[in-house]
Amino acid sequence: MSQAISRRQLLAQTSPETSPGLPGEAREDLLDRGYSRRQLLRIAAVFSSVSVAASVGRPAWASGGVPDPAPEAKTRIGANECWTGPMLPGQAAAAAIISASNRYSPKDQRGDFIKAVMQVEAVPYDHVAPWPGSSDPLSRAVVTFCSPTKALITADPTFELAGRTADWLGAPVKRVPLKPDYTHDVKAMLAADPSPGLYYICTPNNPTGTVTALADIEWLVANKPAGSIVLVDEAYTHFAGVPTASYLAKADKDVIVMRTFSKIFGMAGMRMGYVMTRPDIITKLMRYDGGMQSGALPIPSLACATASLTAADLIAARRKEMQQARGMALEHLKKRKLKVIGSDANMFMVDWKTRPAKDMQAAFRTQDVEIGRSWQIWPTVSRVTVGSMEDMTAFCAALDKVRT
Ligand SMILES: Cc1ncc(COP(=O)(O)O)c(C=O)c1O
């Protein structure tokens, strides 16, 4: 009884000024899971309004995962974007719907998009939730399943958004080094914590581009503690062209599979993505803002994504184009005897050995080439995004200049 009263008091204290924008049900759940009032304020900043963010600041990814604008270089191979824009059928579909975009939903564009996902992934309708990109659902998966007592288990190096969000919220983070073959060490991830909230697996991994075997992911799902969730981030999967984990979502496992249109589909600026998982997990992910983020998507972006997702031939052609450009660049680096981490995606890592990656990035800028950043664990290793053949030719020429 006394517990109920103090909880009610706590709830009252957190509403509405201290956690504006968080619905009551979400606040209740967060308090039950051990988040403090201060952390609620930070969670509100994750999802929201400018005024909240202004009062507490925002995590590093507050731009929605979109990196700060890089210096305008002629050759932009730093941010893992696609070297070219949306696929032509997608562009045509987006252009065709613009004149009807005075309507919130001229037809059922959201439904059509989900049906396209069902067609290519063989998952049921209620297992799909479209989102404006994957940064948002990725962060909210951390809020939903981690807490002060439920850790995030992630790899090192990997895409940092999940780890940064957990750090921001005050949830424990266990960073587990990749295996010597640069894939996720699922056994070490399992051993890292007896009862975590979320495992984050990025495959192909950003920044190494390496694919973690589905058998390893299945093993983790089968052996993980009850109640924890495995999040499989497949942002780069089309570049690898390997089988995906969507069947685990279809089988109602404790798995969230996440996709974005920011990579092979060339739609980073159009903000489209989706998650595949059980309906009860979708409901949990959506409760922080009453589904606003997920429900309201720009109609041209939905139309473009729908037409692109089913264009299997065009996806395969882009993959091939990237592989050729990557092959040419890797061959060049090999001849220069530089150590490269082999990749199945549109990025690779180069080890400069004696020179800090930051200095090399600055040196490439003098050649009008913007390469990617490094990760704390490997300060002499730079990530380079694979662009067009023209981009990679410029990269190779710049490399020879900056090394002499
Ligand atoms: C692995 C991975 N996941 C998710 C994202 C987020 O992308 P977006 O928010 O554009 O969908 C990125 C962006 O670079 C990424 O590399």
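So here's what we get for this one:
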{"item": "Crossing angle, helix 88-98 versus the chain [Cα axis fit, 0-90 degrees, rounded to tens]", "result": "40 degrees"}
{"item": "Rounded to whole Hz, the Karplus (6.51, -1.76, 1.60) HN-Hα couplings of the range 260-273, x for glycine and proline", "result": "9, 9, 7, 9, 4, 7, x, 10, 3, x, 9, 6, 9, x"}
{"item": "Rounded to 10°, Cα long-axis angle of helix 37-46 versus longest principal axis of the chain", "result": "50 degrees"}
{"item": "Relative contact order for the chain, counting Cα pairs under 8 Å that sit 6 or more residues apart, in percent", "result": "21 percent"}
{"item": "Proximal charge balance of L178 [Cβ under 10 Å; K/R count +1, D/E count -1]", "result": "-2"}
{"item": "Environment charge at K115 (Cβ cut-off 13 Å; Lys +1, Arg +1, Asp -1, Glu -1)", "result": "-2"}
{"item": "Bins of 10 Å from zero: percent of alpha-carbon pairs in the range 107-191", "result": "16, 33, 29, 20, 2, 0"}
{"item": "Whole-Hz couplings from phi, Karplus 6.51/-1.76/1.60, listed for the range 321-332; x for Gly and Pro", "result": "4, 5, 4, 5, 5, 5, x, 4, 5, 5, 4, 4"}
{"item": "Whole-percent pair-distance distribution, where bins are 10 Å wide, for the alpha carbons of the range 157-264", "result": "14, 50, 33, 3"}
{"item": "Helix-derived mean residue ellipticity, 222 nm - over the chain, DSSP H n ≥ 4, -39500 (n - 2.57), to 500", "result": "-13000 deg cm²/dmol"}
{"item": "DSSP-defined antiparallel bridges as percent of all bridges, the chain, nearest 5", "result": "50 percent"}
{"item": "Degrees, to the nearest 10: 214-223 long Cα axis against longest axis of the chain", "result": "20 degrees"}
{"item": "Long-range HN-HN contacts of W375 with modeled amide H, under 5 Å", "result": "V381"}
{"item": "Around F145: net Lys/Arg minus Asp/Glu count, Cβ-Cβ under 11 Å", "result": "+3"}
{"item": "Of all accessible heavy-atom area on the chain, the percent that carbon and sulfur account for (1.4 Å)", "result": "55 percent"}
{"item": "Where N is the number of residues in the chain, Cα Rg divided by 2.2 N^0.38 Å", "result": "1.00"}
{"item": "Max mean-square fluctuation residue, GNM over the chain, Cα-Cα springs under 10 Å, options E121, E160, E390", "result": "E390"}
{"item": "Sequence-distant residues sharing a close amide H with V176 (under 5 Å, placed H)", "result": "T154, A155, D156"}
{"item": "Selected from D391, D136, D233 as most flexible by GNM, with the chain as the system and alpha-carbon contacts under 10 Å", "result": "D391"}
{"item": "Amide H contacts of C202 (H built 1.01 Å from N, under 5 Å, at least 5 apart or other chain)", "result": "D233"}
{"item": "Fluctuation leader among Y199, Y104, Y247 - the chain, Gaussian network, Cα springs under 10 angstrom", "result": "Y104"}
{"item": "At R0 = 41 Å, FRET efficiency that the Cβ-Cβ distance of S99 and D126 yields, to 0.05", "result": "0.80"}
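The values are calculated or read from the model by the stated rules, or taken from the named source; none is laboratory data. All values reported here derive from a predicted model rather than from experimental measurement. All Cβ positions, glycine included, derive from the backbone under ideal geometry; neighbour counts span all protein chains shown. Note: accessible area is taken over every heavy atom of the protein model, side chains too, but ligands, DNA and RNA are not part of it. Shrake-Rupley method; radii C 1.70, N 1.55, O 1.52, S 1.80 Å.
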